[in-house]
Each structure stands twice: as structure tokens, then as C-alpha cells.
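What follows is a single structure, written as C-alpha cells, with notes after it.
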Amino acid sequence: MTAFSLLVNGVEHTMEAPAGAFLLDVLRDSLGLAGTKEACAEGECGSCTVLVDGEPVDSCILFAGQVEGRKITTVEGLGGDGLHPVQEAFNALGAVQCGFCTPGFVVAAAALLDRVGSPTPDQVREELAGNLCRCTGYDNIVAAVVSAGAASEASVASAASVASGVRGGGS
Ligand code: FES
Ligand code: FES
């Protein structure tokens with residue numbers, strides 16, 4: 001066994017695990033973060049996607065020891081105290097059927113929104129090509145991500161407009 005120290009969802013965890021333990025197993029078995037799913041276990045389906053320093057990675061093929069000192073975010077930590085806009089959009093637009101692939105999609109989509117703000121359907125399809133769903137046919141998933149991006153962008157624009165009004169009113 002080897003001692004690991006991992007920063008997950010803003011909390012530092014110290015634990016013991018086999019030297020070759022994969023991040024996915026440490027998250028689920030040692031930390032009880034079962035939201036991240038294992039499907040293929042070969043880096044092919046994206047069900048196990050988490051963020052490492054904001055970048056989506058397949059946690060089933062990443063050794064836990066490789067990410068010590070990095071910032072890891074799982075689906076449980078994505079929205080802070082509430083739901084992330086992508087999670088709200090998945091609920092609203094029926095983008096979940098069996099739900100097994102959903103955490104991976106949500107995490108990868110959140111990273112996409114962080115990077116490009118309001119993606120087009122083609123951008124969503126391209127970016128999420130590594131995430132596989134056996135249930136939905138993808139249309140509702142793509143629609144949910146596009147909707148979440150548009151809603152987030154509108155809320156940023158509205159906040160900017162309020163801030164500029166406040167600045168204008170104060171001069
Ligand atoms: S379970 Fe990790 S990519 Fe499929
Ligand atoms: S909702 Fe079932 S695999 Fe995607």
C-alpha cells in the first residue's frame with residue numbers, strides 16, 4: 001500500500017491504496033464518491049470522466065499517484081452547493097435515461113462551457129465524442145449542453161449589464 005494525498009472537490013484527502021491504484025477506484029472505493037461510473041474500464045467510453053486542473057480525463061486509466069497535487073473535480077463537486085447549469089439542463093430537457101453515462105457527460109460538458117461559453121451543437125458533438133451513451137441517441141444531451149451554455153452566457157451578460165449600470169449610475 002502507498003499513501004496518497006489527493007485534492008478532490010476542494011478537500012484534501014490522505015489515504016492508503018495499492019501503488020498502481022487507478023484514480024477511479026480511489027474516488028469510488030476510498031473516498032465513497034460513487035458518482036463517477038465505471039463502464040468500459042479501458043478509456044473508451046467517458047463514463048469515468050473527472051476534471052484534473054479543469055481538463056476532462058478518463059479516471060479509469062489514470063493512476064492516482066499521477067494526480068497528487070492537482071485539483072480534481074468529480075460530478076459531486078461540480079455545482080458547489082447546488083446543481084451545475086449542465087445538470088439543471090439535463091433534468092429539464094430529459095437528457096438522462098439510465099443515467100450511467102450521465103456523470104461523465106455532465107463533467108465533460110461543464111469543462112466545455114468553461115472553455116467556450118456557449119457552444120454550438122456541432123461543437124458539443126465534437127467535444128463529447130469520447131463520451132458514449134447507449135440510451136438516448138444524443139439529441140437531448142446535445143440540446144441540454146447547448147441550452148446550459150446559452151443560459152450561462154445570458155446570465156453573464158445580464159450581470160455585466162447590471163454592473164455597468166451601477167458604475168454609470170455612481171458617476
Ligand atoms: S470507464 Fe473509463 S473510459 Fe470507460
Ligand atoms: S443514459 Fe444510459 S448510457 Fe447514457
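Quick test for you: out of Thr136, Thr102, pick the one residue that is among the polar types (S, T, N, Q) and within 16 Å of ligand 1 (Cβ to nearest atom).
Details: Thr136 fails: within 16 Å of ligand 1 (Cβ to nearest atom).
Criteria check complete, one pass: Thr102.
Counting only residues that are surrounded by fewer than 16 Cβ atoms within 10 Å (Cβ to Cβ) and not hydrophobic (A, V, I, L, M, F, W, C), how many does the stretch 11-37 have? Step through it out loud before you land on a result.
Restricting attention to the stretch 11-37, the residues satisfying the condition of being surrounded by fewer than 16 Cβ atoms within 10 Å (Cβ to Cβ) are 11-12, 14, 16, 18-20, 29, 32, 34.
From the residues that got through so far, the ones that are not hydrophobic (A, V, I, L, M, F, W, C) too are 12, 14, 16, 18, 20, 29, 32.
Going through the stretch 11-37 one residue at a time, the tally reaches 7.
Checking Glu44 against (1) in a loop (DSSP other than H, G, I, E, B); (2) at pLDDT below 95, only one condition comes out false. Which one?
The number of the failed condition is (2).
From (1) outside the structural domain of Glu16 (by TED's automatic domain parsing); (2) closer than 21 Å to Leu6 by Cβ, pick out the condition that doesn't hold for Val57.
Of everything listed in (1) outside the structural domain of Glu16 (by TED's automatic domain parsing); (2) closer than 21 Å to Leu6 by Cβ, Val57 misses just condition (1).
Filter the stretch 105-130 down to residues that are over 16 Å from Gln87 (Cα atoms) and of a type in the set (S, T, N, Q) and give me whichever is surrounded by the fewest Cβ atoms within 10 Å (Cβ to Cβ).
Per the stated criteria, the residue is Thr120.
Could you pull out the residue among Gly80, Gly32, Gly43 that is farther than 27 Å from Ala129 by Cα and either in contact with a Leu (Cβ under 6 Å, 6 or more places away or on another chain) or not polar (S, T, N, Q) (or both)?
On the way: Gly80 fails: farther than 27 Å from Ala129 by Cα; Gly43 fails: farther than 27 Å from Ala129 by Cα.
One residue alone meets the criteria, Gly32.
Quickly run through the stretch 72-104 and pick out the residues that are more than 16 Å from ligand 2 (Cβ to nearest atom) and either outside any loop (DSSP other than H, G, I, E, B) or out of contact with any helix residue (DSSP H, G or I) (no Cβ under 9 Å at 6 or more places or on another chain) (or both). Walk me through it before giving the result.
Looking only at the stretch 72-104, we keep the residues that are more than 16 Å from ligand 2 (Cβ to nearest atom), and these are 72-74, 76-85, 88.
Hits for the stretch 72-104 are Ile72, Thr73, Glu76, Gly77, Gly80, Asp81, Pro85, Glu88.
Any chance you could count how many residues in the stretch 53-71 are outside any loop (DSSP other than H, G, I, E, B) and either under 16 Å from Val106 (Cβ atoms) or touching a Cys at 6+ places or on another chain (Cβ under 9 Å) (or both)?
Of the residues in the stretch 53-71, the ones outside any loop (DSSP other than H, G, I, E, B) are 55-61, 63-67, 71.
From the residues that got through so far, the ones that are either under 16 Å from Val106 (Cβ atoms) or touching a Cys at 6+ places or on another chain (Cβ under 9 Å) (or both) too are 55-61.
Matching residues across the stretch 53-71 total 7.
What are the residues in the stretch 41-84 that are crowded, with 22+ Cβ neighbours inside 10 Å, over 13 Å from Gly10 (Cα atoms) and more than 9 Å from the chain's Cα centre (by Cα), if any? Full working, then the answer.
The initial filter retains those residues of the stretch 41-84 that are crowded, with 22+ Cβ neighbours inside 10 Å, namely 45-51, 56-60, 64, 72, 74-75, 78.
This time we only want the ones that are over 13 Å from Gly10 (Cα atoms), so: 45-50, 56-60, 64.
If the condition is that a residue be crowded, with 22+ Cβ neighbours inside 10 Å, over 13 Å from Gly10 (Cα atoms) and more than 9 Å from the chain's Cα centre (by Cα), then Cys45, Gly46, Ser47, Cys48, Val57, Asp58, Ser59, Cys60, Ala64 are the ones that fit.
The values are calculated or read from the model by the stated rules, or taken from the named source; none is laboratory data. Keep in mind that this is a model prediction, so the values were computed, not measured. Here Cβ is always computed from backbone atoms with ideal geometry, including for glycine, and neighbour counts include all displayed protein chains.
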